[in-house]
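The values are calculated or read from the model by the stated rules, or taken from the named source; none is laboratory data. These numbers were taken from a predicted model, which means no experiment stands behind them. Note that each Cβ is placed from the backbone with ideal geometry, even for glycine, and that neighbours are counted across all protein chains shown.
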Amino acid sequence: MHQPSPTVFVSGFFHETHTFLRERTGLGAFRDLALHHGSEILSRNEGNGSPMDGFLSYAAAAGWKVIPGIQMAAMPSGMAEDAVFDYFREHFFAALEVHWQQIDAVYLVVHGAMVCESTPDVEGRLLEELQFFFSRRGKQVPVVAVLDLHANVSQKMIDNSTCLYGYRENPHTDAREAAVKAAAFLQEIWEQPGVRQVFHATPYIAPPAGQGSAADPMRALLRRAAAIEAANPHVLCINIWAGFAYADIPDCGFSFSCCTRGSAAEAATWLESLGQELETHLSSAYPYEHTLEAVLTLPGLQAPVLLIEASDNIGGGTPGDGTGILAPLLATTETGIVAVINDPEAVQDCIYVGIGATCTLAVGGKTDSFHGEPVAFTGTVINLTNGRFELENKNSHLASITGAFVNMGPCAVVQNRQATVLLTTFKTPPMDLGQLRSQGITPETAQFIIVKAAVSHKQAYDPIAGDAFYIDSPGLCTSNLLRLPYRHIGHKRIGPDATENSSTMQI
Ligand SMILES: [Zn+2]
């Protein structure tokens, strides 16, 4: 035991950055979701099912003294402004300056795929500055962090931390549990120091739709990693980092890391074997997408049919106002359609006319030119709400980002003979059915549900779904990475075919 009541400095900095989006992410986006200082971190997270909640509960049970620094989180979105990183650094290091002498460790809740205007590797830079902070003061403490499975991990992150630990599940049903486990590793490291981390980057970048943990390659990789962990008690963890494909940075893509008390050479051999395992299952990482037309002609469709719009995957950062499926679907004679579109302007139009009124709206397609045109929709306003709801499932993927209480901002539900459309003010990923039910929509009775996600919806939607199809539609979270104008990934592979290693820039 290190000492009876160790003191841990904790902070959180959480953003998955989609660098192909035109919009920048400023401090306002963090204020909308989470920007907490000091003790506010405790009151805002305790019991909310988030990774920070996981850390706090472990710390309380272990009798640790917690010094909360700063916590910032925003929904996945475009490039973070430098002002965001500057704000975090200023407050993080100011708090550390006050408390560093009494600190026995630093614990961080970070995403791992954050990019800001002048720093492609925000977490790497932060960890490096943290090491510099302590080395200048002649002090060394363990630095442990819990990260999202979609982290684009860099050698710099590994070199400047003691132990990084990532979620295993995608959808991220284990985010809180992973934070608890990382805290337990910290306890182990105090009791028995002397761990090392080994890193292995691969040349492969895969789209989110190919990274579900229930399917290969993730299933096979996680299984192999778990087997190595189980057979080697001197290994704390082996991480499978799936990477986040929409960050155009050199460290983008699949990588592996190991935190071990054993030799670096042994760990390197394991990580290389994981690289071979990935190559064996590589084609599964690039899933096939159907055309909407082809799906609609299939006989015997079982309702509700999920039409998965991965190209406007809100959890991947896109605007959530894409009409690439909604517009052509409304042009058919299909009925029973349920869709969620983020469109604050249309919400205001509905509030103006009021419940029971019929109006014609221009819905969606307003944020940029990559996600379709606004679609004309004439319907009756059947509900207006403040858009707040509590997760039905506290282990929902959404809890890893927001905790259990979600704020979609003012919302409106409009309906006509074909479709029921939920209009939101803040884009909200479809990771929990409470999103629909809280607005008076019963998803089970739908014929078609348009789902703006890649994998993160599965825990909520698969149990109620009849059939489910990934639909090829326009958008910057396209699963066809060959359409994206990559410039900074070097020779990394973005498609299933080795000969297709350069972008065709069709978006
Ligand atoms: Zn993730």
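For region 1-40, the set of residues classified as in contact with a strand residue (DSSP E or B) (Cβ under 7 Å, 6 or more places away or on another chain) and within 16 Å of the ligand (Cβ to nearest atom) consists of Gly12, Phe13, Phe14, His15, Thr17, His18, Leu33, listed by residue number. Please specify each residue of region 82-108 satisfying the condition of being assigned to a helix (DSSP H, G or I) and of a type in the set (A, V, I, L, M, F, W, C). Of everything in region 82-108, those that are assigned to a helix (DSSP H, G or I) and of a type in the set (A, V, I, L, M, F, W, C) turn out to be Ala83, Val84, Phe85, Phe88, Phe92, Phe93, Ala94, Ala95, Leu96, Val98, Trp100. Out of Leu164, Leu186, Leu149, one residue alone is closer than 18 Å to Ala105 by Cβ and either assigned to a helix (DSSP H, G or I) or within 11 Å of the ligand (Cβ to nearest atom) (or both). It is Leu186.
Residues of region 357-397 that are within 16 Å of the ligand (Cβ to nearest atom), farther than 23 Å from Ser473 by Cβ and of a type outside the set (Ser, Thr, Tyr): Asn395 alone. The residue that is farthest from Gly12 (Cα to Cα), counting only those in region 109-130 that are within 16 Å of the ligand (Cβ to nearest atom) and not in a helix (DSSP H, G or I), is Val115.
Comparison of Gly440, Gly475, Gly434 shows that the only residue that is within 21 Å of the chain's Cα centre (by Cα) and surrounded by fewer than 19 Cβ atoms within 10 Å (Cβ to Cβ) is Gly434.
Looking across region 1-28 at every residue that is outside any loop (DSSP other than H, G, I, E, B) and over 15 Å from the mean Cα position of the chain (by Cα), the one that is farthest from Phe426 (Cα to Cα) is identified as Thr7. Residue pairs whose Cβ atoms lie under 8 Å apart, separated by 6 or more positions or on different chains, with the first residue in region 174-192 and among the basic types (Lys, Arg) and the second assigned to a helix (DSSP H, G or I), are Arg176/Pro51; Arg176/Asp53; Arg176/Gly54; Arg176/Ala399; Arg176/Ser400.
Arg22 meets all of the listed conditions (1) in contact with a His (Cβ under 6 Å, 6 or more places away or on another chain); (2) modelled with pLDDT under 95 but one, namely (1). Of all the residues that make up region 216-250, how many are closer than 23 Å to Val115 by Cβ and either more than 16 Å from the ligand (Cβ to nearest atom) or β-branched (Val, Ile, Thr) (or both)? Number satisfying all stated conditions: 4. Mind listing whichever residues of region 278-323 are of a type in the set (Val, Ile, Thr) and within 16 Å of the ligand (Cβ to nearest atom)? Those that are of a type in the set (Val, Ile, Thr) and within 16 Å of the ligand (Cβ to nearest atom): Ile314, Thr318. Being in a strand (DSSP E or B) and surrounded by fewer than 21 Cβ atoms within 10 Å (Cβ to Cβ), is that true of even one residue in region 51-65? Checking region 51-65: at least one residue is in a strand (DSSP E or B) and surrounded by fewer than 21 Cβ atoms within 10 Å (Cβ to Cβ).
Scanning region 195-215 for residues that are away from the ligand (no atom under 16 Å from the Cβ) and in a loop (DSSP other than H, G, I, E, B) gives Val195, Thr202, Pro203. For Pro68, the conditions (1) within 20 Å of Pro6 (Cα to Cα); (2) in contact (Cβ under 8 Å) with a residue 60 or more places away in the chain all hold with the exception of (2).
Residues of region 236-293 that are in a helix (DSSP H, G or I), out of contact with any Asp or Glu (no Cβ under 8 Å at 6 or more places or on another chain) and of a type outside the set (A, V, I, L, M): Glu266, Thr269, Trp270, Glu272, Ser273, Gly275, Gln276, Glu277, Glu279, Thr280, Ser283, Glu293. Looking only at region 436-475, which residues are within 19 Å of Leu329 (Cβ to Cβ), in contact with a Leu (Cβ under 9 Å, 6 or more places away or on another chain) and within 16 Å of the ligand (Cβ to nearest atom)? His457 - this is the single residue of region 436-475 that is within 19 Å of Leu329 (Cβ to Cβ), in contact with a Leu (Cβ under 9 Å, 6 or more places away or on another chain) and within 16 Å of the ligand (Cβ to nearest atom).
Would you call Met75 crowded, with 24+ Cβ neighbours inside 10 Å, within 16 Å of the ligand (Cβ to nearest atom) and either under 23 Å from Gly28 (Cβ atoms) or without any contact (Cβ under 8 Å) to a residue 60 or more places away in the chain (or both)? Criteria not met by Met75.
State whether one or more residues within region 402-422 are touching a Pro at 6+ places or on another chain (Cβ under 6 Å) and either assigned by TED's automatic domain parsing to the domain that holds Pro76 or in contact (Cβ under 8 Å) with a residue 40 or more places away in the chain (or both). Within region 402-422, none of the residues are touching a Pro at 6+ places or on another chain (Cβ under 6 Å) and either assigned by TED's automatic domain parsing to the domain that holds Pro76 or in contact (Cβ under 8 Å) with a residue 40 or more places away in the chain (or both). Of the residues making up region 373-419, just one is over 23 Å from Ala74 (Cβ atoms), surrounded by 24 or more Cβ atoms within 10 Å (Cβ to Cβ) and out of contact with any Leu (no Cβ under 6 Å at 6 or more places or on another chain), namely Val414.
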